[in-house]
Amino acid sequence: MVARAVEAERDRTGGVYLDVSPLDFEAEFPDLNAECEKRGVDPDDGIPVAPAEHFLCGGIDVDTEGRASLDRLFAVGECARTGVHGANRLASTSLLEALVWGLRAGEAAAGYEAEEIEAHELLDRDPTLPEGFAEEKSVRLRRVMDEYVGIERDPSELTRAQAVLRRLKGEVDAYTRTRTSRSLYELRGACVTALLVARAAAEQEESRGCHHLVEEPTADAD
Ligand SMILES: Cc1cc2nc3c(=O)[nH]c(=O)nc-3n(C[C@H](O)[C@H](O)[C@H](O)COP(=O)(O)OP(=O)(O)OC[C@H]3O[C@@H](n4cnc5c(N)ncnc54)[C@H](O)[C@@H]3O)c2cc1C
């Protein structure tokens with residue numbers, strides 16, 4: 001709710017500022033104070049703020065030992081769906097996940113015999129990739145997710161996001177067929193994840209937890 005209010009106010013006025021005047025900011029937050037100085041922000045005038053991602057909800061389905069549905073794949077932490085969260089994440093559950101699932105998954109994984117697998121060599125950067133290819137696509141991916149699958153969601157925008165993401169994934173897939181570069185594989189993983197997030201959001205027809213739908217304008221509205 002706060003993030004939505006901040007975003008609405010930013011759209012309306014162009015900026016939202018954190019009032020730190022009740023604090024001795026320089027003494028209590030020296031690192032942040034130095035960061036403000038570096039960016040030419042005077043904390044006495046208020047610090048400009050914007051909503052940012054804090055955590056992920058959902059992820060890879062796991063059992064009580066962190067075991068995923070693929071043989072020998074364990075998932076712990078924010079990438080996992082353990083079942084302790086509802087439609088939004090509870091505060092400080094990362095500790096629960098680290099201390100409970102981390103330990104259990106470690107113990108369960110240690111029960112398997114180690115097996116040698118042949119690793120494929122990945123290039124950090126494939127010289128045959130166009131300069132800045134992965135960076136440019138990843139900026140586009142983030143922009144689509146931010147604009148259409150962010151704090152406020154609109155069913156028609158979720159549909160548009162899926163179309164853009166499918167196109168983007170197609171472009172990346174065309175390159176991954178013949179090239180082995182880390183940036184490309186990571187980008188493909190990001191495209192698949194983004195598509196799954198957008199699809200799951202589109203399937204959720206009512207606002208719930210951190211999934212907030214804006215009202216679709218009705219046909220007879222002004
Ligand atoms: C500002 C902020 C404040 C927070 N405050 C709290 C709080 O007070 N209490 C609380 O419980 N939770 C808090 N959280 C949430 C908590 O920090 C996360 O849920 C938790 O850190 C997730 O742990 P993780 O190990 O799953 O993921 P991460 O901590 O994100 O670790 C993932 C690791 O994988 C590495 N990695 C990524 N890609 C690759 C790759 N391709 N190859 C190799 N390594 C890779 C990353 O560098 C990173 O080290 C906060 C989060 C934020 C952003």
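The values are calculated or read from the model by the stated rules, or taken from the named source; none is laboratory data. Since the model is a prediction, treat every value here as computed from it, not as a measurement. Cβ coordinates were reconstructed from backbone atoms using ideal geometry, including for glycine residues, and neighbour counts include every protein chain displayed.
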*For A91, which of the numbered conditions (1) of a type outside the set (D, E); (2) in a loop (DSSP other than H, G, I, E, B); (3) more than 27 Å from R142 (Cα to Cα) fails to hold?*
(3)
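Taking the stretch 96-125, which residues are surrounded by 10 or more Cβ atoms within 10 Å (Cβ to Cβ) and within 14 Å of the ligand (Cβ to nearest atom)? Can you show your working first?
Initial filter on the stretch 96-125 (surrounded by 10 or more Cβ atoms within 10 Å (Cβ to Cβ)): 96-109, 112, 122-123, 125.
Once the filter is applied, which keeps residues that are surrounded by 10 or more Cβ atoms within 10 Å (Cβ to Cβ) and within 14 Å of the ligand (Cβ to nearest atom), the stretch 96-125 yields L96, E97, A98, L99, V100, W101, G102, L103, A105, G106, L122.
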*Out of the stretch 67-95, which residues are farther than 28 Å from M1 by Cβ and more than 11 Å from the ligand (Cβ to nearest atom)?*
R67, A68, S69, L70, D71, R72, L73, F74
*Identity of the residue in the stretch 171-187, away from the ligand (no atom under 16 Å from the Cβ) and hydroxyl-bearing (S, T, Y), that ends up modelled with the lowest pLDDT*: T178
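Yes or no: the stretch 189-206 includes at least one residue that is hydroxyl-bearing (S, T, Y), under 13 Å from L129 (Cβ atoms) and within 16 Å of the ligand (Cβ to nearest atom). Full working, then the answer.
To start, the set of residues in the stretch 189-206 that are hydroxyl-bearing (S, T, Y) comprises 193.
From the residues that got through so far, the ones that are under 13 Å from L129 (Cβ atoms) too are none.
Within the stretch 189-206, none of the residues are hydroxyl-bearing (S, T, Y), under 13 Å from L129 (Cβ atoms) and within 16 Å of the ligand (Cβ to nearest atom).
Okay, residues lined up against (1) among the charged types (D, E, K, R); (2) closer than 30 Å to R153 by Cβ; (3) in contact (Cβ under 8 Å) with a residue 12 or more places away in the chain; (4) assigned to a helix (DSSP H, G or I):
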position	(1), (2), (3), (4)
A5	no, yes, no, yes
A8	no, yes, no, yes
Y17	no, yes, yes, no
N33	no, no, no, yes
E53	yes, yes, no, no
G58	no, yes, yes, no
T64	no, no, yes, no
*Any chance you could count how many residues in the stretch 70-94 are closer than 25 Å to R208 by Cβ and without any contact (Cβ under 8 Å) to a residue 40 or more places away in the chain?*
15
